[in-house]
Amino acid sequence: VGFKSQSGKGVVGRVDGVLVVAGTERLVGETNAALLGGLEPGAMHVYATTDTGTAAGATLVDGVRPEAAALVPALHRLGVRPVVLLTGDRPEVAETVGGLVGVDEVRARLLPEDKLTAIQELRRRHGSVAMIGDGVNDAPALAEATVGIAMGAVGSPATIETADVALMADDLRRVPYAIALARRSRRTVRFNIAAALVLKLVLAVGAILGVVNLAVAVVVGDMGGSLLVTLNAMRLGALHPADETVTAAQDGHSG
């Protein structure tokens, strides 16, 4: 009864007439949290209090995804720097996780609006920013990022709707693959446009000089041009998730 969620802090509601407050120390209060000391350091602490004087605390330890340690080096090889960890966790937890996965910068104890501010700051500093998120608290920051990437398999509906890209596989290794595919797609589009323009120009000059007739213009300029750009675009299908490092080397970390 009277349930209310406070983003980044916790929840408040009544259970059998008893007011229950559950969440971080920001919600239950620093004093109540201090009374429940002795919880494991370096972990996320969750507290619960009631208006009858009952209080409890719990320690939550998030496991690092097995593929997370490989994600940051792969992004670095693609020239994506800095990689910044934005989290609402305690600083000691964030620093521990950041050290395990090798990020360049850690920002902890962030509320949804703090993540939004951080993305705005990073955009001013670096121009373009991509953000990966899966929780509803990430939605504002995902919308502000140049490219928002949602973990589609585990992400909240609000996050998926806000993001520009949704990874339907719950695998962080798809992120470098998506970046590599986007870069190669851009190169392919540029090549196809340039090739089509050059071909049309050559045929136009040939027609003016009288060396290109209507049949040649149709076969080469129309059918041939369409076939050329289609076959070139089909080469994108040969790129696989494990190829992002090779693609980075071929791209010279461009884009």
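Using θ = phi - 60° and the Karplus relation 6.51 cos²θ - 1.76 cosθ + 1.60, list the HN-Hα couplings for the range 139-150 in order, rounded to whole Hz, with x at every Gly or Pro.
Going residue by residue, I get 4, x, 5, 4, 5, 7, 5, 4, 9, x, 10, 9 Hz, with x marking Gly and Pro.
Counting only Cα atoms, I'd like the Rg/Rh figure for the range 115-176, Kirkwood definition for Rh.
0.97
If you wrap a convex hull around the alpha carbons of the range 89-212, what volume per residue comes out, as a whole number of Å³?
With only Cα atoms used, the range 89-212 gives 152 Å³ per residue.
Tell me, what ³J(HN,Hα) does each residue in the range 98-107 have, in order and in whole Hz, if you take phi through Karplus 6.51 cos²θ - 1.76 cosθ + 1.60 with θ = phi - 60° and put x for Gly and Pro?
x, x, 5, 9, x, 6, 7, 8, 10, 10
Taking amide H positions as placed in the peptide plane 1.01 Å from N, state which residues far from V212 in sequence (5 or more) or on other chains have amide H under 5 Å from it.
Hits under the 5 Å cutoff: A207.
Taking 0.36 nm per residue of sequence separation and subtracting the Cα-Cα distance, how much length would be gained by fully extending the chain between R123 and V189, in nm to one decimal?
Extra length available between R123 and V189 comes to 21.2 nm.
What list of ³J(HN,Hα) values in whole Hz, one per residue of the range 202-218 in order, does the Karplus curve 6.51 cos²θ - 1.76 cosθ + 1.60 (θ = phi - 60°) give from phi, with Gly and Pro shown as x?
4, 5, 5, 5, x, 5, 5, 7, x, 9, 10, 9, 5, 5, 5, 4, 6
Would you mind estimating how fast the range 54-154 diffuses translationally, via Stokes-Einstein at 25 °C and 0.890 mPa s with the Kirkwood radius over Cα pairs, in µm²/s?
169 µm²/s
Each value in this text was obtained by applying a stated rule to the coordinates, not by laboratory testing. Please read these numbers as outputs of a predicted model, since none were measured by experiment.
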